[in-house]
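Nothing in this text is a laboratory measurement; each read-out follows from the coordinates by a stated rule. Since the model is a prediction, treat every value here as computed from it, not as a measurement. Don't worry about glycine lacking a Cβ; one is built from the backbone with ideal geometry, like all the others, and counts go over all protein chains shown.
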Amino acid sequence: MIRFDRVTKRYPPDITALADVSAEIGAGELVAVLGHSGAGKSTLLKLIPAIERPTSGSVLVNGQNVGALGRKALPYLRRNIGLVFQDQKLLFDRSVLANVLLPLEIAGFAPKEAKRRAEAALDKAGLLARARALPVALSGGEQQRLAIARAVAHRPALLLADEPTAYLDADTARDVANIFTEFHRVGVTVLLATYDAGLFPAARPLRLDHGRLA
């Protein structure tokens, strides 16, 4: 599903985030990107939906060179990708349900279908009972589960998560990790950056060391 072919990513003035990385991720895999802080994990994930573009080399998703896509083509690429960011990007002036509905509405789903999908995603994340609450009323773990529900409501084939268990206590981190494992079990390709490989024992590891694949 995903192929990195000798990918290098540099930032000015002279920072190399990734250096000559080549790797393949098959459809249906669960892959954990490991490494120290600053190893390039977040950059690697951002190259897949073309949030970042490689300085050299190519990133292919289902055979398509995403680094060469024009801006108009990016929404079509991202329709099949669920994204869970470190900072979550929740809208705190809208309800839990409205947070999940928004990307579905932008994608053009009919209102009834959007609500059905949003409620199903919240149910999967264990948040359906909190649908009318505002995100500020949720715990840290619940906010992370809300971010996951929003990312999977459109039923993507690929789920990307950047440190999804960071800043959570041990029990909550295990609960969140289990959600990703469940999506993998039903056939979703899951690629996540994590500091704790022990939370994802079934994952194939990809370890980065100062931008290089170890």
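Based on the mean of other Cβ atoms within 10 Å per residue, sort peptides 155-163, 102-110 so the most packed one is first. Please report the intermediate quantities before stating the final value.
Values: 155-163: 20.0, 102-110: 14.4.
Ranked from most to least packed, the peptides come out as 155-163, 102-110.
What is the angle, in °, between the Cα long axis of helix 96-106 and the longest principal axis of the Cα atoms in the chain? Nearest 10 is fine, range 0 to 90.
It works out to around 60 degrees.
Mean 1/r over all different Cα pairs, inverted: what Kirkwood radius does the chain give, in Å? Walk me through the numbers before you get to the answer.
Details: mean 1/r = 0.0567 Å⁻¹.
Evaluated on the chain, it is 17.6 Å.
Relative to 2.2 N^0.38 Å, what does the C-alpha radius of gyration of segment 90-154 come to as a ratio? Two decimals please. Kindly include the intermediate steps, with their values, before the conclusion.
Values: Rg = 10.4 Å, N = 65, 2.2 N^0.38 = 10.7 Å.
Expressed relative to 2.2 N^0.38 Å, the Cα Rg reads 0.97.
Nearest 10 degrees, 0 to 90: what angle lies between the long axis of helix 111-124 and the longest principal axis of the chain (Cα atoms)?
The answer is roughly 80 degrees.
Contour minus end-to-end for VAL136 and THR55, with contour as 0.36 nm per residue of separation and end-to-end as the Cα-Cα distance? Write down the numbers at each step before the final one.
Values: separation 81, 0.36 × 81 = 29.16 nm, distance 3.89 nm.
Here the answer is 25.3 nm.
Could you work out how far helix 170-185 tilts from the main Cα principal axis of the chain, as a 0 to 90 degree angle to the nearest 10?
Around 80 degrees separate the two axes.
Give, rounded to the nearest 20 debye, the magnitude of the charge dipole that segment 10-104 has about its Cα centre when Lys and Arg contribute +1 at Cβ and Asp and Glu contribute -1 at Cβ.
Details: 10 positive and 7 negative charges, 80 e Å.
Dipole magnitude for segment 10-104 comes out near 380 debye.
Take the Cβ-Cβ distance between SER95 and LEU69 as r, set R0 to 25 Å, and report the resulting FRET efficiency rounded to the nearest 0.05.
Numbers: r = 34 Å, r/R0 = 1.35.
Here the calculated transfer efficiency is 0.15.
Sort out for me the Cα centre separation of segment 173-214 from segment 103-146, rounded to whole Å.
Result: 23 Å between the Cα centres.
So if each residue of separation counts as 0.36 nm, and I subtract the Cα-Cα distance between ALA197 and ALA157, what length gain in nm does that give? List each step's numbers first, then the result.
Details: separation 40, 0.36 × 40 = 14.40 nm, distance 2.27 nm.
That pair, ALA197 and ALA157, stretches by 12.1 nm at full extension.
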